[in-house]
Amino acid sequence: MPILDAHTHVFPQYADLAVRAMDRAGVARCVTLAWHDGFGAGLRAQAAAFSRYPGRFILFGNVDFSRMNEPDFAVRAAEGMARDVDAGIRGVKVYKALGLEYRHPDGGFWRVDDARLDPIWAAAGALGIPVLIHTADPPAFWQPVDAHNFWNGVLHGAYAWWSYYRKGYPSREELLAERNAVIRRHPGTTFIAPHVGSNAECLDAAADDLDALPNLYYDLSARVPILGLPGRRAARARAFLLQYQDRVLFGTDSIYDDANVPTGMQAQCLYQPYAIPLHGADPEERYVETTAAFIQSHLDFLRTDRVQENPPFTRSTAGYRIQGLALPEAACEKLLWGNAARLLGP
């Protein structure tokens with residue numbers, strides 16, 4: 001069964017490293033999401049780098065949101081998107097900074113559903129490319145980072161800035177409602193909401209959004225730990241994925257970048273940087289090993305009923321297990337390949 005990882009971030013200089021990890025894990029292709037710089041000349045340089053590996057990488061570009069306070073920003077961004085499609089992008093990635101970081105000159109946050117951004121979403125639909133839009137985060141990011149917080153093993157040190165608790169950010173409910181308003185206003189554009197639409201903790205809400213928005217899809221990236229908690233959550237996740245097996249893409253959020261490759265530990269394992277010493281090991285080879293194990297954990301979660309006692313995802317300091325869902329082969333084929341291939345083409 002071919003595998004298409006629909007959510008990765010590969011810096012161009014690590015394309016070879018990514019191919020090594022993909023080969024070891026049995027991944028045929030991946031979508032690589034540009035890291036805020038996937039437009040114009042920078043996008044063309046990335047496309048040239050990935051073209052050395054025919055058939056392995058599908059490149060999603062970005063919009064240059066650093067210019068969003070300029071007059072006619074969205075119209076010019078839409079025009080640039082058309083040129084970037086000609087240069088090879090197959091989709092657009094929008095980061096959670098829209099809603100949580102980008103601000104007007106007066107200091108107020110840009111709203112996700114600001115109508116001034118509509119030309120961007122409309123252009124993606126006209127060009128026939130999906131928008132992968134990350135909006136909000138898990139509920140735990142707005143809650144105290146204490147012993148009851150499932151993400152308490154992550155939300156400190158290098159990742160402390162991910163905690164929005166009492167810091168004046170918009171609520172996740174506001175952000176998700178704004179995202180849905182955008183999707184509703186643009187029925188001719190396909191939207192992919194990663195991380196189970198930021199609703200992995202409440203699959204009923206995730207299902208409600210899929211039911212209401214036929215142009216919305218999800219990916220599974222970075223949410224296997226909560227989906228696979230043994231008992232009620234794993235059982236609900238299995239039922240959800242069977243019911244919506246045509247609307248969910250396989251993704252890992254694997255990252256290959258300058259900040260993490262030197263540590264030897266796949267970034268999305270979310271250990272604190274350099275928490276696991278290399279002890280003389282080659283960092284790139286270790287990175288391939290840890291990434292392949294990270295990907296395999298996802299595949300085991302979907303394909304087998306194995307309980308993973310020590311999954312390669314840092315989350316709760318109390319420790320946790322992942323229960324495999326043992327999905328039928330036909331459902332796995334859609335999740336692992338068919339759905340993404342249908343949205344992105346050959």
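Here, each number is a calculation from the coordinates, and none is a lab measurement. Given the structure is predicted, the values throughout are model-derived calculations rather than measurements. Neighbour counts run over all protein chains shown; Cβ positions are idealised from the backbone, glycine included.
Points worth noting:
- Selection count where residues are touching a helix residue (DSSP H, G or I) at 6+ places or on another chain (Cβ under 7 Å) and of a type in the set (A, V, I, L, M, F, W, C), scope the range 274-315: 8
- Any hit, the range 189-209, residues being assigned to a loop (DSSP other than H, G, I, E, B), crowded, with 19+ Cβ neighbours inside 10 Å and either free of Cβ contacts under 8 Å to residues at least 60 places away in the same chain or touching an Asp or Glu at 6+ places or on another chain (Cβ under 7 Å) (or both): yes
- Criterion: in contact with a Cys (Cβ under 8 Å, 6 or more places away or on another chain) and buried (at least 19 other Cβ atoms within 10 Å of the Cβ) - qualifying residue of 58, 89: 58
- Test for residue 237: is it over 25 Å from residue 1 (Cβ atoms), surrounded by 21 or more Cβ atoms within 10 Å (Cβ to Cβ) and under 22 Å from the mean Cα position of the chain (by Cα): no
- Which listed residue is under 30 Å from residue 213 (Cβ atoms), touching a His at 6+ places or on another chain (Cβ under 8 Å) and either surrounded by fewer than 21 Cβ atoms within 10 Å (Cβ to Cβ) or in contact (Cβ under 8 Å) with a residue 60 or more places away in the chain (or both), from 246, 253, 257: 253
- Residue match in the range 76-87 (condition: in contact with a Lys or Arg (Cβ under 7 Å, 6 or more places away or on another chain) and either touching a residue at least 24 places away in the same chain (Cβ under 8 Å) or part of a helix (DSSP H, G or I) (or both)): yes
- Long-range neighbours under 7 Å by Cβ, at least six apart or interchain, first residue touching a residue at least 40 places away in the same chain (Cβ under 8 Å) within the range 319-346, second β-branched (Val, Ile, Thr) and part of a helix (DSSP H, G or I): 322/224
- The residues of the range 150-169 that are under 18 Å from residue 223 (Cα atoms) and either in contact with a strand residue (DSSP E or B) (Cβ under 7 Å, 6 or more places away or on another chain) or without any contact (Cβ under 8 Å) to a residue 60 or more places away in the chain (or both), listed by number, are 155, 162, 163.
- Only one entry in 90, 24, 29 is charged (D, E, K, R) and over 20 Å from residue 194 (Cβ atoms), namely 24.
- Residues of the range 7-44 classified as crowded, with 17+ Cβ neighbours inside 10 Å, polar (S, T, N, Q) and out of contact with any Leu (no Cβ under 8 Å at 6 or more places or on another chain), total: 0
- Annotation note: of 271, 256, 244, the sole residue that is closer than 20 Å to residue 160 by Cβ and touching a helix residue (DSSP H, G or I) at 6+ places or on another chain (Cβ under 9 Å) is 271.
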